[in-house]
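Read-outs throughout are calculated quantities, based only on the coordinates presented, and are distinct from any laboratory measurement. On a predicted model such as this, the values are computed, not experimentally measured, just so you know. Ideal geometry is used to build each Cβ from the backbone, glycine not excepted, and the neighbour counts take in all protein chains shown.
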Amino acid sequence: MNWISNYVRPKINSLFSRREVPENLWTKCDDCGTMLFHRELADNLRVCSSCGHHMHIAPRERFEALFDGGIFTEVAVPKPIEDPLKFRDQKKYPERLRAAQKAANEAEAMLVAEGEMHRTPIVAAAQDFGFMAGSMGMYVGNAIIAAAERAVALKRPLVLFSAAGGARMQEGILSLMQMPRTTVAIEMLKEAGLPYVVVLTHPTTGGVTASYAMLGDVHIAEPNALICFAGPRVIEQTIRETLPEGFQRAEYLLDHGMLDRVTPRGQLRDELATILRMLTGQSPVVHGDLPQPLPEEAPAADPAPETAATPPATETAKG
């Protein structure tokens with residue numbers, strides 16, 4: 001009986017028991033509701049294969065797709081004072097920071113890196129909407145400045161991916177100070193004659209839109225991205241009018257001259273490299289592997305001294 005209860009019965013139960021499935025295997029599209037397998041979604045850069053909806057993508061994942069071979073070097077960002085205002089709502093600000101760091105697995109809401117994109121050296125910065133809605137605080141301001149300074153030092157273009165709900169309320173006036181600080185940093189980049197290209201992703205709103213996100217030499221947006229200062233619901237409640245369909249979306253802004261391009265995420269890498277090479281006067285992007293260098297030719301041997309076929313003539317004395 002012990003043998004049956006201790007070995008046979010548990011074995012049978014394990015065969016017929018329900019296997020636990022990890023919760024992150026499937027993701028539901030926010031737009032069309034299609035269930036997407038996590039590997040398919042990652043291979044498609046978190047774009048729905050059914051409707052083309054562009055989901056949130058973390059900066060590190062974006063950089064792995066942007067830089068050649070997924071290789072990049074992070075740029076150090078000075079760490080500001082953690083809680084200068086001792087802010088507290090339902091939670092203390094440091095507690096919210098730690099929770100966001102654990103959820104996003106990042107130190108803050110922006111990542112800065114340098115590397116090559118289609119063999120084009122660049123500096124890139126990307127906001128993480130998954131970290132406290134990508135809100136702009138002192139760290140984000142420091143990150144923009146660090147990115148601009150690094151680009152100037154290396155004489156490289158700067159590419160910025162914006163995604164934010166605005167300024168971080170837990171830092172009060174100190175977060176609003178980042179608007180002029182980042183504006184000065186971008187001006188420093190332009191004085192150095194270096195291109196600054198902004199890719200606006202969903203959503204880009206508030207003080208971010210009113211500062212560094214709209215100061216680029218070229219503005220590209222991902223499809224259907226919300227780009228605004230105040231959202232459409234706030235505007236409708238203020239003016240008591242119904243706004244046009246698609247108001248403040250990327251395609252609407254492109255039609256009204258606020259953007260230069262609307263480009264799907266899968267095509268951004270090629271388009272950014274093409275634009276940056278045009279702005280910096282470089283040759284067009286070479287797709288695929290570069291041709292192997294030609295073998296060096298062996299130096300030609302020194303020619304042998306010429307020998308006369310006939311003996312040299314000798315001068316004769318004139319009589």
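Multiplying the residue separation of Lys92 and Asp260 by 0.36 nm and removing their Cα-Cα distance gives an extension gain of 56.3 nm.
For Leu253, the shell of other residues with beta-carbons less than 13 Å away shows a net charge of -2, using +1 for Lys and Arg and -1 for Asp and Glu. The ranking of Ile235, Ile71, Ile227 by Cβ neighbour count inside 10 Å, starting from the fewest, reads Ile71, Ile235, Ile227. Relative protection proxy for 196-206, 265-275, from highest mean packing down: 196-206, 265-275 (other beta-carbon atoms within 10 angstrom).
By the beta-carbon count within 10 Å of each Cβ, the least crowded to most crowded order of His118, His219, His56, His287, fewest first, is His287, His56, His118, His219. Listed from fewest to most Cβ neighbours within 10 Å, the set Glu191, Glu116 follows the order Glu191, Glu116. Under the classification rounded if a/c is under 1.5, otherwise prolate if a/b is larger than b/c and oblate if not, where does the stretch 129-194 fall, given a ≥ b ≥ c as square roots of the Cα gyration tensor eigenvalues? It comes out prolate by the Cα gyration axes. Taking a ≥ b ≥ c as the square roots of the Cα gyration tensor eigenvalues, with a/c under 1.5 meaning rounded and otherwise prolate when a/b beats b/c, else oblate, which class fits the stretch 57-280? Since a/c reaches 1.5 but b/c is at least a/b, the shape of the stretch 57-280 is classed as oblate.
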